[in-house]
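Notes to accompany the following structure.
The values are calculated or read from the model by the stated rules, or taken from the named source; none is laboratory data. None of these values were measured; they are calculated from a predicted model. Glycine also receives a Cβ, built like all others from the backbone with ideal geometry; neighbour counts cover every protein chain displayed.
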Amino acid sequence: MGASAAHGQKIAFLGTGKIGEALLSGLLRAGKDPADVLVTARRPERAAELAARYGVVAASNAEAAKLADTLILAVKPQDMGTLLEELAPHVGADRLVISAAAGIPTAWFEERLAAGTPVVRVMPNTPVLVDEGMSVISGGSHATEEHLERAEEIFSSVGKALRLPEAQQDAATALSGSGPAYFYFLVEAMTDAGILLGLPRQVAHDLIVQSAIGASVMLRDSGEHPVKLREAVTSPAGTTIAAIRELENHGVRAALLGALEAARDRSRELASGGR
Ligand SMILES: NC(=O)c1ccc[n+]([C@@H]2O[C@H](COP(=O)([O-])OP(=O)(O)OC[C@H]3O[C@@H](n4cnc5c(N)ncnc54)[C@H](OP(=O)(O)O)[C@@H]3O)[C@@H](O)[C@H]2O)c1
């Protein structure tokens, strides 16, 4: 084992693509010493590029597993089997293994790692790229309070982190994992509506995006229930209620209930090895 292994809490990213890099840069902005961060990738040039850009340490999977206290696994779910085969012999049960892979249960990792290895599963979403992520954290059977806190601290550097029982991960995937896509879909449809009303595309886009940002900040910062906020812009016989009637006529609320249920069911199917 290298001499540096004895110093401080080291974190390794095993697989440093979009999500790994977003987390890595968030951690560094939060004050983590780059010398205590190791990165791996399938292509050595990718790890070297990250080392040059952030001052972190490029390593092989085996080196990272030996040196780091916390291992963050951020390869695609289909690459996780190969990664685990490579890692397992080097990971002592005193390490914390955090998986950011969608849909793979903690038990799957526990079966492949040394007995008693603590595993934490996290479902982030893409706004981690702009420090507004929503990450849902669940501990496996050997994860303690300290392990969950460590995971929470890491993911809080790129947005919010919330602990939930692992049984609720599929529901969280439907809400926050896929969530940003529903908002993009709405913005796309509302921009088309602006064009129907005769606005230039860019104008329609800007009006809707800023309305979405304003509404999101109001929801987050006012502490008001969404119904109250909506009522505040819904005057008697006004424009908003005319639009709401159309949304209700088309069953948009029921469509959302069905859509999120479908996403939850698909997440369950994928988690149990379905295709
Ligand atoms: N993107 C999302 O919206 C999102 C949201 C929630 C969760 N996730 C989860 O986050 C994980 C990563 O997603 P991503 O979008 O960041 O993927 P990505 O950009 O494709 O990154 C995957 C990284 O893994 C590396 N890699 C693959 N096999 C490896 C191996 N055997 N050893 C070391 N490194 C290896 C790749 O290296 P190369 O660059 O050299 O190919 C790449 O850097 C996935 O499990 C996904 O389910 C993603």
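Considering each residue of the range 75-134, count those that are of a type in the set (Ser, Thr, Tyr) and touching a Leu at 6+ places or on another chain (Cβ under 6 Å), and give that number. Full working, then the answer.
Pass one, the range 75-134, residues of a type in the set (Ser, Thr, Tyr): 82, 99, 106, 117, 126.
Add one more test, that the residue is touching a Leu at 6+ places or on another chain (Cβ under 6 Å), and what stays is 99.
Selection size over the range 75-134: 1.
So which helices (runs of 4 or more DSSP H) stay within the range 161-243 end to end and still have 2 or more residues that are surrounded by 10 or more Cβ atoms within 10 Å (Cβ to Cβ), out of contact with any Lys or Arg (no Cβ under 6 Å at 6 or more places or on another chain) and of a type in the set (A, V, I, L, M)? If you could, list the steps in order and put the result at the bottom.
Details: elements: 169-172, 179-196, 201-222, 226-232.
Because the criterion is at least 2 residues that are surrounded by 10 or more Cβ atoms within 10 Å (Cβ to Cβ), out of contact with any Lys or Arg (no Cβ under 6 Å at 6 or more places or on another chain) and of a type in the set (A, V, I, L, M), the helices (runs of 4 or more DSSP H) in the range 161-243 that meet it are 179-196, 201-222, 226-232.
May I ask you to list pairs of residues, at least six apart or on different chains, whose Cβ atoms are under 9 Å apart, with the first in the range 244-263 being assigned by TED's automatic domain parsing to the domain that holds Met190 and closer than 21 Å to Gly177 by Cβ and the second being assigned to a helix (DSSP H, G or I) and among the acidic types (Asp, Glu)?
Note: pairs meeting the criteria are Ala263/Asp170.
Would you point out the residue of the range 11-58, among those that are within 16 Å of Leu83 (Cβ to Cβ) and surrounded by fewer than 21 Cβ atoms within 10 Å (Cβ to Cβ), that is modelled with the lowest pLDDT?
Within the range 11-58, the first condition is being within 16 Å of Leu83 (Cβ to Cβ), and the residues that meet it are 12-17, 19-20, 38-44, 46-47.
Adding the requirement that they be surrounded by fewer than 21 Cβ atoms within 10 Å (Cβ to Cβ) leaves 17, 42-44, 46.
Working: Gly17: 96, Arg42: 96, Arg43: 96, Pro44: 93, Arg46: 97.
Only one residue tops the list, namely Pro44.
If only one of Thr117, Thr144 is surrounded by 14 or more Cβ atoms within 10 Å (Cβ to Cβ) and away from the ligand (no atom under 11 Å from the Cβ), which one is it?
Values: Thr144 fails: surrounded by 14 or more Cβ atoms within 10 Å (Cβ to Cβ).
Only one candidate passes the filter, namely Thr117.
Exactly one of (1) exposed (fewer than 13 other Cβ atoms within 10 Å of the Cβ); (2) within 11 Å of the ligand (Cβ to nearest atom); (3) part of a loop (DSSP other than H, G, I, E, B) is unmet by Gly103. Its number?
Every listed condition holds for Gly103 apart from (1).
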